[in-house]
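Below: one structure, written as structure tokens.
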There are 4 protein chains.
Amino acid sequence: MLIVMKNDASPEQISAVEEEVKKLGFTPYAIPGSQRTAIGVLGNEKQVDSITIEGMPGVINVIHVSRPYKLVGREFRQTCTTVEIGGVKIGGGALAVMAGPCAVESREQIVSTAEFIASAGAAMLRGGAFKPRTSPYAFQGLCAEGVKLLAEARAASGLPFVTEVIDEKSLEVCAEEADMLQIGARNMQNFSLLKMVGQSGKPVLLKRGMSATVKDLLMSAEYIMSEGNEKIVLCERGIRTFSDASRNTLDLCAIPYIKAESHLPVIVDPSHAMGVRDKIAPVALAAVASGADGLMIEVHPNPRAALSDGPQSLDFDSFAQTMKQVAAVAAAVGKTMA
Amino acid sequence: MLIVMKNDASPEQISAVEEEVKKLGFTPYAIPGSQRTAIGVLGNEKQVDSITIEGMPGVINVIHVSRPYKLVGREFRQTCTTVEIGGVKIGGGALAVMAGPCAVESREQIVSTAEFIASAGAAMLRGGAFKPRTSPYAFQGLCAEGVKLLAEARAASGLPFVTEVIDEKSLEVCAEEADMLQIGARNMQNFSLLKMVGQSGKPVLLKRGMSATVKDLLMSAEYIMSEGNEKIVLCERGIRTFSDASRNTLDLCAIPYIKAESHLPVIVDPSHAMGVRDKIAPVALAAVASGADGLMIEVHPNPRAALSDGPQSLDFDSFAQTMKQVAAVAAAVGKTMA
Amino acid sequence: MLIVMKNDASPEQISAVEEEVKKLGFTPYAIPGSQRTAIGVLGNEKQVDSITIEGMPGVINVIHVSRPYKLVGREFRQTCTTVEIGGVKIGGGALAVMAGPCAVESREQIVSTAEFIASAGAAMLRGGAFKPRTSPYAFQGLCAEGVKLLAEARAASGLPFVTEVIDEKSLEVCAEEADMLQIGARNMQNFSLLKMVGQSGKPVLLKRGMSATVKDLLMSAEYIMSEGNEKIVLCERGIRTFSDASRNTLDLCAIPYIKAESHLPVIVDPSHAMGVRDKIAPVALAAVASGADGLMIEVHPNPRAALSDGPQSLDFDSFAQTMKQVAAVAAAVGKTMA
Amino acid sequence: MLIVMKNDASPEQISAVEEEVKKLGFTPYAIPGSQRTAIGVLGNEKQVDSITIEGMPGVINVIHVSRPYKLVGREFRQTCTTVEIGGVKIGGGALAVMAGPCAVESREQIVSTAEFIASAGAAMLRGGAFKPRTSPYAFQGLCAEGVKLLAEARAASGLPFVTEVIDEKSLEVCAEEADMLQIGARNMQNFSLLKMVGQSGKPVLLKRGMSATVKDLLMSAEYIMSEGNEKIVLCERGIRTFSDASRNTLDLCAIPYIKAESHLPVIVDPSHAMGVRDKIAPVALAAVASGADGLMIEVHPNPRAALSDGPQSLDFDSFAQTMKQVAAVAAAVGKTMA
């Protein structure tokens, strides 16, 4: 940690800061410059809680040199983590595609989708049973019944499935049946829920919040991992910006950045980012080329009749075609299909 | 609702859209323009779910003319709603200041703060017992013990208190004692929690999420109100932008906009927006001048020793001084102090 | 155009709006709904200037159905435009890579770079002679001397070159020698300059501003094209957001969106978006996969000694390696190298 | 400057960085920590150009401790600067209101406006003669004729005027007649233009760009001041964010931040931020309460007939009423009207 003093900070102010650092159990290390003094803090194994220092007279800035996250960081573990979900490995050089409808609507819908996407090369099934919707008047999902249907679709297709949990009750239902638990973007900083999925020991798909920095995302992953659960896959799904090009702005610069900062695998959801069906394939391909370990794509047998997110769902034909392009780009960047 | 067709949409595509509108139970109303056709949808008492239409061939845009929120909207109720919390009225022409520490730390700390802010003119006490922290290693609050201490501080000072709930368990504890339940910015779209505080019947302080539009905020309020709970106070606390001027960018343009769209009262939290102590007063005054119904300000007997948010907490002297300025600006815009 | 009235708009207010529409020379077309009235405007060949209507009593919203841009729009021209620059075609199915240093520094530097990138497969040379720098104390470029050196590098390598113009004087110098004129992000809405490059008749590379929507970008292109110059290549180079993953957030969702809205070719600059050398290749590949018609990459013989943008410049080896990957991804999406 | 090394940086890498610092003429100062080494750079009177260091092996981060701006900074000059424009002082404890139409349209329009606003307490007249418009088809201003009319309005009302310059030609015309030159938000980083207004010696109103940080704004002011012109007034006018509450998001947190960082006066333009007439007064009052030195408000005799920005212009009555409220809030924060 580095404490930067104002250029007119008095010797007394500098001394006071040095005393405070000692009180915290660390060694201050004054660095007199020609314009101002800075004070280095040595001996800190973990991040110093700087709040007692930030507001002190004469202090202009406190700079944390260490990262706030530990377990999820690349400095903690050099090698890339691979997460296994019902036989599917994410993170080990293969590209894993999860696909399926936004919401489970019926046995017919979810089973036919699972069978089709399996035939087209998908590695996992996705489908929402407990739906967080911005409007209280919108379809909220089939709940427990939806989870049962997902299990039936798994049996029919052989694909493991991921489904979203939104609270303690849905977690209880899903933890029994699901292969992987999804934390949605709106719950990325629902720390109670993060602790609970951490304790569940189940593989977790953690989506980046719409206004979360990569640092925020990694801190949320740290919550899960600090409960002893290392089976975490991160997911970039678009951030909120002023841009009118898409529903959310897909932040693909985040992929190489996450790869440098963390050992956890990361996938991309182009459907929620783009928001309109006919422009999803190009961004899906871009995600693969950027180094993502997988994709999550919304597919529906009849998007026009979907109960949620219809406009951004691919139909079977478009999905099959997109998968061919995905495989070609994956090969071009040295990846096989999971 | 208005459906805009591409300028080269075929008559067949236009007919198909008209048929779909009829299937949904509404009356289509074609408006041929010189460049393109648009199709109005009549007879809809509530918002049409447009997902079956958005992806149809020839459709370039679907425009919702009605607001997605109903109960919280100004068109539903013309008069401003006043929320009463333990004798304090928010929303009726008076300015209510809630103040207190980010986190309850000890009896001494919270009681002395409550007594001081009461003497300085605050109307309510705030204090966190269950703390949502971005780091799993940071202080997480005194939990149930903290709520008890808040009740003691209320007894000592006569001020009703608001405290944050983060899940079912904390809600159970707080619902019994607290005068008002706070939903934090990170939980603004935790719809499970919104339903629970709606059912509790307790007054709710709903903070705007960092990436929430005003429409999103009002939809979250709609969740609470659709459970039969009208005692909602909204809170602007800064949004996430690129600006380097403050921790979050306080969106004061939102105050007159919310006033025009909704009948609910709205307060402003300058402490979380600004993030540094010595610049909080100017933005607090700005919030009052913008028409807010109240303020929420962090105050701590010894900010340098605070266990969380110390750098943005005012000490007693600064708070007393700020309150004098707040009263002067409130008077200038025709408000009295609650 | 559609004018939406408040749900309590009076018949007199509705009539007044209809009269105003007639005064503007158009035909009003009232659409009574169950909640409110909307008024369609027919007969407008071009966009109606709605300012006289927007503030009228009873009006809640004015919605423009037509796009504000005409010449650059896909509805004006269905087929994709190809721009030819000194023999290189951009936009016709081939992928064109422009490369070179941020700033021209010396004959040795620019000639050796041009020769190397040509050997590695680049189609064009880039280099700044007139540099817009955020600090008045930073290196401002070699100016006219730099343009001469670019011409020498062109002679040595056979590559046409693009260089930035920042005002009338630099335009005069560059228009004589350069194959293509670049408008930088900070000048995207310098409308005087846009008109001047439009009148020059030279191919123009128009970079998207950091806070420009795609609509803004296309309106700036409309400025150039309305002066009779159709040789426009758009360039996505990152927008300003809160994200900490990169210097700017590359908006690759904009590529398919631009392709749908406009017939103009579009390239991507991953160097300015990412800002750090070792993460540029992944985003460059992502840009190719997203459907871009080309790339602009900063290359320097010795990035550590570069006078500007050193940290984001590739050295020769990294560039050669990146070009191999670029060619592989281009082939995977059906493109050849220009 | 502080150079942070990776936690596994080798002694050789650390030595190489120290050598590079010496080569640049400074003294390296290694600070060994328990996790990693940092290297302080001493003896730099001005900001070190760190580009040769940022990409070196083992370097994870370079932190600039000094501000990049000098002349405009509070550390350069402790006392607040007052700018005098035709007898009006901005920055010295009084609140100066500039008002007038977006564009000068006719003698009648501008003279009547000037006379009215003078009677209502405005200190300066504003009006655009050279208009930067996003569409090439929109009204571009009366140009030189408009400047003449502004001079007539000045003669009639006694108010000095400010008008926007957009290029060399408009600057020549305006520099002769105008009391103050405005640099619009879109030209904030048109460095050629900044140098020219710096050389003109005229008072300059510098508007913050839509995606400019405060640091960017101050660097643009540094361009003007480094040409020897200290008569600079900054202007906050809203930044681009995702918020749907207003056309741009007014960043009032920036006012106390600018006051802390710079000695230059700063005013606020609520009209361009809010974008709609009936919500401008509350944000104008908020700006005054936040500590701004003035306001810039759009006023038009007949907003519905305005050739540009009609929807956000106040009519005479609303302006007069707003001025009364402004004076009340100004008094509440200890300011008089200029």
query = About the Cα centre of the stretch C:195-308, what is the dipole size in debye to 20, counting +1 per Lys and Arg Cβ and -1 per Asp and Glu Cβ, all else neutral?
reply = 280
key: Interface residues, the stretch B:288-318 - accessible area loss of 50 Å² or more versus chain alone, probe 1.4 Å   = B:Ala289, B:Arg304, B:Pro311
ask   = Using the Karplus equation 6.51 cos²θ - 1.76 cosθ + 1.60 (θ = phi - 60°), what ³J(HN,Hα) coupling, rounded to whole Hz, does each residue of the stretch C:158-165 give in order, writing x for Gly and Pro?
value = x, 8, x, 10, 10, 8, 7, 10
ask   = Roughly how much accessible area, to the nearest 100 Å², goes out of reach of solvent when C and D pair up, both sides summed, probe 1.4 Å?
value = 3500
ask   = Between rounded, prolate and oblate, where does the stretch D:132-209 land on the alpha carbon gyration tensor, with a ≥ b ≥ c its root eigenvalues, rounded for a/c under 1.5, else prolate if a/b exceeds b/c?
value = oblate
message = Less than 13 Å from a label point 7 Å out along the Cα-to-Cβ axis of B:Asp244: which backbone N atoms in the stretch D:178-216 qualify, by residue?
response = D:212-216
ask   = In square angstrom, rounded to the nearest 10, how much accessible surface does D:Ser157 have for a 1.4 Å probe?
value = 30
ask   = In debye, nearest 20: dipole of chain B around its Cα centre with unit charges on the Cβ of K, R (+) and D, E (-)?
value = 440
key: Where A:Phe116, A:Phe319 fall by accessible area, highest first, once all protein chains stay in place (1.4 Å)   = A:Phe116, A:Phe319
ask   = For chain B, what does -39500 (n - 2.57) per DSSP helix run (n ≥ 4), summed and divided by total residues, give at 222 nm, in deg cm²/dmol to the nearest 500?
value = -10500 deg cm²/dmol
query = Roughly how many Å² is the accessible area per residue of the stretch D:200-338, as a whole number, for a 1.4 Å probe?
reply = 24
5 angstrom amide H check on C:Glu105, placed H, neighbours 5+ away = C:Ile110
ask   = Using a 1.4 angstrom probe on protein heavy atoms only, which residues from the stretch C:251-266 are buried by at least 10 Å² of accessible area when all chains are present rather than their own chain alone?
value = C:Asp251, C:Leu252, C:Cys253, C:Pro256, C:Tyr257, C:Ala260
query = Which distances, shortest first and in nm, link A:Asn302 to the matching position in the other copies, using label points set 7 Å out along Cα to C-beta?
reply = 5.8, 6.9, 7.0
ask   = Sequence-distant or interchain residues sharing an amide H contact under 5 Å with B:Leu295, placed H: which?
value = B:Ala96, B:Val97, B:Met98, B:Val268
task = Compute the longest continuous run of chain A that contains no exposed trypsin sites (Lys or Arg not before Pro); treat a site as exposed when its DSSP state is not H, G, I, E or B and it has at most 14 other Cβ atoms within 10 Å.
result = A:78-338
ask   = How do D:His300, A:His64 rank by accessible surface area computed with a 1.4 Å probe, from largest to smallest?
value = A:His64, D:His300
note = With the dipole of chain A defined by +1 on each Lys or Arg Cβ and -1 on each Asp or Glu Cβ, the option from A:Leu285, A:Met210, A:Pro136 whose Cα lies farthest towards the positive pole is A:Leu285
key: Acute angle (nearest 10 degrees) that the helix B:214-225 long axis makes with the longest principal axis of chain B, alpha-carbon atoms   = 80
request  = May I ask you to list the lysines whose Cα is less than 19 Å away from that of C:Lys169, ignoring any residue fewer than eight positions away on the same chain?
outcome  = C:Lys131, C:Lys148, C:Lys195, C:Lys202, D:Lys169, D:Lys195
Probe 1.4 Å, accessible area per residue of the stretch C:55-177, Å² = 38
request  = Just add up the charged neighbours of B:Cys174: K/R +1, D/E -1, any other residue whose Cβ is under 12 Å from the Cβ of B:Cys174.
outcome  = -4
remark   = Rounded to a whole %, the carbon-and-sulfur portion of the accessible area of the stretch C:270-338 at a 1.4 Å probe is 52
query = Say R0 is 25 Å: what FRET efficiency, to the nearest 0.05, do D:Lys148 and D:Glu168 get from their beta-carbon distance?
reply = 0.80
query = Which single residue of chain D puts its beta carbon nearest to the axis of rotation relating D to C, and what distance, in whole Å, does that give?
reply = D:Ser211, 2
key: Cross-link partners of A:Lys207 among aspartates and glutamates (Cα-Cα below 16 Å; sequence separation of 8 or more within a chain)   = A:Glu164, A:Asp167, A:Asp216, A:Glu222, A:Glu230, A:Glu236, A:Asp251, A:Asp269, A:Asp293, A:Glu298
task = Starting from the Cα gyration tensor of the protein assembly as shown, take the square roots of the eigenvalues, sort them a ≥ b ≥ c, and report rounded, prolate or oblate (rounded when a/c is under 1.5, otherwise prolate if a/b is larger than b/c, else oblate).
result = rounded
Label-point gap, in nm, between A:Lys324 and A:Gln199 - each point 7 angstrom along Cα→Cβ = 5.0
note = With one decimal in nm and the nearest listed first, the spacings from A:Glu172 to its own position in the other copies, using label points 7 Å along Cα-to-Cβ, are 1.1, 8.1, 8.1
ask   = So how tilted is helix A:144-157 from the main axis of chain A? Cα-based, degrees 0 to 90, rounded to 10.
value = 70
ask   = Put a point 7 Å out from Cα along the line to Cβ at A:Ser15; what are the distances to that point in the other copies, in nm, shortest first?
value = 4.1, 8.5, 9.3
key: Interchain or long-range residues, amide H under 5 Å from A:Asp251's placed H   = A:Gly238, A:Ile239
note = Taking r as the C-beta separation of B:Ser119 and C:Glu12 and R0 as 51 Å, the FRET efficiency to the nearest 0.05 is 0.40
request  = About the Cα centre of the protein assembly as shown, how large is the charge dipole given +1 on each Lys and Arg Cβ and -1 on each Asp and Glu Cβ? Please answer in debye to the nearest 20.
outcome  = 0
remark   = The ³J(HN,Hα) series, computed from each phi in the stretch D:119-130 with the Karplus coefficients 6.51, -1.76 and 1.60 at θ = phi - 60°, rounded to the nearest Hz and given as x for glycine or proline, is 5, 8, x, 6, 9, 9, 9, 10, x, x, 9, 10
query = In Å, what Rg and Dmax follow from the Cα atoms of the stretch D:256-338?
reply = 13.4, 42
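The values are calculated or read from the model by the stated rules, or taken from the named source; none is laboratory data. Computed from a prediction, not measured in an experiment: that's the story for all the values here. Because the Cβ atoms are built from the backbone with ideal geometry, glycine has one as well, and the counts that use them run over all protein chains shown. Just so you know, the surface numbers come from the protein's heavy atoms only, side chains and all, with ligands and any DNA or RNA stripped out. Shrake-Rupley method; radii C 1.70, N 1.55, O 1.52, S 1.80 Å.
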